[in-house]
């Protein structure tokens, strides 16, 4: 089976980009050679004696279920499944650290107590999907380079956050292939979201689907939320519903071959638009256009866009868009940079005039990024300070003086 064609195209593209950016092949090789003892991996070493390993003798039913999921997905690699004492409803996959060793899937006891066999098949298939796509390996590489997630460069943070969500959506498809019962996938999501067992009340998958549609409509009109590393459940459920009824799933089920499915891509694309917009308000959109257009105007005042100026613009843009380089290129190539600048500045100031000092300071910082002071750039700042921000000439001079004292480091040579 061509596993890559099962994945969401945007997820695969981002995975390939990040793997190349982090030089995953090199780092993965180094980590494997750096192993001092053949322990089978630190995760397995940690679990042995502290967790319950699913074996044919100790847990024949669960062992056969897990082995069946691995066989159904066609994963040739060996996988060890462990149950750990933890009330949280969770499950995680850890890639083998050495060639020829087993991957590890860790199942929390809280999940095992609440999920029936079909729901468990979905969860295990999802986790094996992370291994098949090598997304679990990419996660390990990024966590090795940046052990503290907060240290990921701002330019990458939103992109990595989006990739995490897309990786979950792709893994859900493997989970569905292992379960093939949409209602059971939905009840699994319900249990993960609520922490409840459906045996406590009459759970209705169809009613939950209606609730999903209502929540999605809310997110379309209220994009401000969505800071989790996982996509919100309504998006995941709707994406699975589309996949379950797709030509791609039908082909894989009947022939084992994946086919192109433009209808599915279009349906999921609409959901991705909602997901990508989450966390970014309408005001954030205006801020992004202001930073891109304002940065281009200031950097171009001296007739040259330096690497330092471009990096300063991109670092600021990264807080309001997942793809700062593409967004900056879009604004640059629009032929309407000045119109975008005046329109976005006006939109921001009409809603929140208190941002004008921060907005003007950003324009000054772009000018100072290349460590040069140019008469044309300074004249432009005075002009924009007056016409766009309604500052007096003295206020502009004071703002300039403050930023120069704080940030300006002269070049020793050109």
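Some values worked out for this structure:
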{"read-out": "Inter-part distance where the stretch 1-15 and the stretch 77-109 are each reduced to a Cα centre, Å", "value": "23"}
{"read-out": "Calculated FRET efficiency for the pair residue 202/residue 34, C-beta based, R₀ 51 Å, to 0.05", "value": "0.40"}
{"read-out": "Full-extension gain in nm, residue 311 to residue 398, via 0.36 nm per residue minus C-alpha separation", "value": "28.8 nm"}
{"read-out": "Extension gain from residue 263 to residue 319, taking 0.36 nm per residue of separation minus the Cα-Cα distance", "value": "16.9 nm"}
{"read-out": "Using alpha-carbon coordinates, inclination of helix 337-351 to the longest axis of the chain, degrees", "value": "80"}
{"read-out": "Efficiency of FRET between residue 378 and residue 211 - r from beta-carbon atoms, R0 56 angstrom, step 0.05", "value": "0.45"}
{"read-out": "Cα-only radius of gyration and Dmax that characterise the stretch 88-158, units Å", "value": "14.6, 42"}
{"read-out": "Normalised contact order of the stretch 282-407, rounded percent, pairs of Cα under 8 Å and 6 or more residues apart", "value": "32"}
{"read-out": "Bins of 20 Å from zero: percent of alpha-carbon pairs in the chain", "value": "23, 46, 26, 6, 0"}
{"read-out": "Added length on full extension, which subtracts the Cα-Cα distance from 0.36 nm per residue, residue 146 to residue 254", "value": "34.6 nm"}
{"read-out": "Residues residue 113 and residue 281, FRET efficiency given R0 of 45 Å [Cβ-Cβ distance, rounded to 0.05]", "value": "0.65"}
{"read-out": "Viscosity 1.306 mPa s, 10 °C: Kirkwood-radius Stokes-Einstein D of the stretch 226-315 over Cα pairs, µm²/s", "value": "96"}
{"read-out": "√(5λ) per eigenvalue of the Cα gyration tensor, the stretch 267-412, largest first, Å", "value": "27, 18, 13"}
{"read-out": "The stretch 51-206: C-alpha gyration tensor shape, a/c 1.5 cut-off, then a/b vs b/c", "value": "oblate"}
{"read-out": "Prolate/oblate/rounded call for the stretch 350-395, Cα gyration tensor, a/c under 1.5 rounded", "value": "oblate"}
{"read-out": "Relative contact order computed over the chain (Cα-Cα under 8 Å; 6+ residues apart), in percent", "value": "13"}
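All of the numbers you see were taken from the coordinates with simple rules; none came from a lab. Note that the structure is a prediction, hence the values are computed from the model and not measured. Heads up, the Cβs are rebuilt from the backbone with ideal geometry, glycines too, and the neighbour counts pull from every protein chain shown.
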